[in-house]
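Everything on this sheet refers to the single structure shown next.
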Amino acid sequence: MMTKNGRLRHAMAAAIVWGSLGTLGCALESYGDDELEDDRADPSAVAAYSTGDEPLRIVTFNVGGAGDSKSEYEALRGELLDTDRILVLQEVQDISGMRSALSEDFPYEYITENYTDKKWDTGCLCRKRKRNNVVVLSRLPIVHQESSLIQTDPGGDKWRRHAQHVRIKVRDDMNISLFHYHNTYNWHENSSQSERSGMESFKDWVESRVGSLSSSSDKVFMAGDFNLEEDAAKAILGASLTYQSEWVDHVVSTNISKADGGVIDGSSISDHDVVWAQFDLTSNVITAENNVVRLYEHSDFNGQVTAFEQGDDPNIGTSRGEWWNDRISSIISGSRVKLHAWEHSNYGGTKWCLPAQDDCGTSNFNDKITALKVLPR
């Protein structure tokens, strides 16, 4: 895999932008592509990814404790391409360092904590929870996210292992389902009984959402550190699926063929290598974002971002985590959608609209939005 080349920037054609200034929630002007100037090269006007149609490329990496620092994430970033679309990471502890190195190019994220409270802290003579995280980072909008506890390690630190499910809009007319998992590890005792059990439970959870892996009509991908080598993973998930594997790390597809794949040496960062796969499926960041509304944590389109496609959401604190409730300060609406937002759950309280309507404006929404509807324009 080549070292990342220079970033390309594109204007958000025909997007409508709605942002707050400070805590007042004042509206910024709406504008189209013809009103953008070169000196407005900031997050409100441009983005740092390769433009146009690109194959879907998925990368998985267990960063490990030794590689969990800003400098190591920066080293990882140097190995990635503009055309890498989705990055899944295991054993992430330094969230701030990860974001600093990667969020400019992978703005959409979903973080789920794996934890254990088995270990005693001798400083306080009490049990102290140990944490690491599994993370999905994406250039393409994540429009749905959920996680589930799959299994608790029977030995060692008894880590609680959660799997993630995200739907990602890969272009204007297509979503994919991606399932991410860092499987149980129990030193492969009894012919890897616990590791096999964890993978079987993961498969059951995946199939409860998309149907049989052998016959699902959905475009389904699975990735992560499965703690089983390829033959053992195939025996559980299915030999008919498409695999890109290295040791215990895998990128798997149910019904999309693989065009290319490989491994990057990760020995300077972790005890795992980086595994990537490119699939025969076209992705396009611009057309995907034209079909979503992007909600930002801070004014001027800074901080964390989450995306919603067409549909109703009576409580974003339920669907995207309570953290998002009353935390939105600026918004970008794609060219093919419009937004209606409310102050309270179930569409109560003050209403705001983007684009604005006669009786529904864009002012004073800062840190107030709880419910929303995304409609076709």
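Straight-line reach only, C-alpha to C-alpha below 16 angstrom: list the aspartates and glutamates that Lys118 could link to, leaving out same-chain residues fewer than 8 apart.
Filter leaves Asp153, Asp157.
Taking the Cα centre as origin and putting +1 on Lys and Arg beta-carbons and -1 on Asp and Glu beta-carbons, what dipole magnitude results for the stretch 172-260, to the nearest 20 debye?
220
Bin width 5 Å, origin at 0, all Cα-Cα pairs of the stretch 175-308: what percent of pairs per bin?
2, 9, 16, 18, 16, 14, 12, 7, 3, 1, 0, 0
Treating only the Cβ of Lys, Arg, Asp and Glu as charged (+1, +1, -1, -1), what charge dipole size does the stretch 331-377 show about its Cα centre? Round to the nearest 20 debye.
It works out to roughly 240 debye.
So which of Lys169/Lys219; Lys169/Lys203; Lys203/Lys234; Lys338/Lys373 end up more than 20 Å apart by C-alpha?
Details: Lys169/Lys219 11 Å; Lys169/Lys203 23 Å; Lys203/Lys234 11 Å; Lys338/Lys373 8 Å.
From the list (Lys169/Lys219; Lys169/Lys203; Lys203/Lys234; Lys338/Lys373), the Cα-Cα distance tops 20 Å for Lys169/Lys203.
Values quoted throughout were computed directly from the atomic coordinates according to the rules given, and no laboratory measurement underlies them. None of these values were measured; they are calculated from a predicted model. Note that each Cβ is placed from the backbone with ideal geometry, even for glycine, and that neighbours are counted across all protein chains shown.
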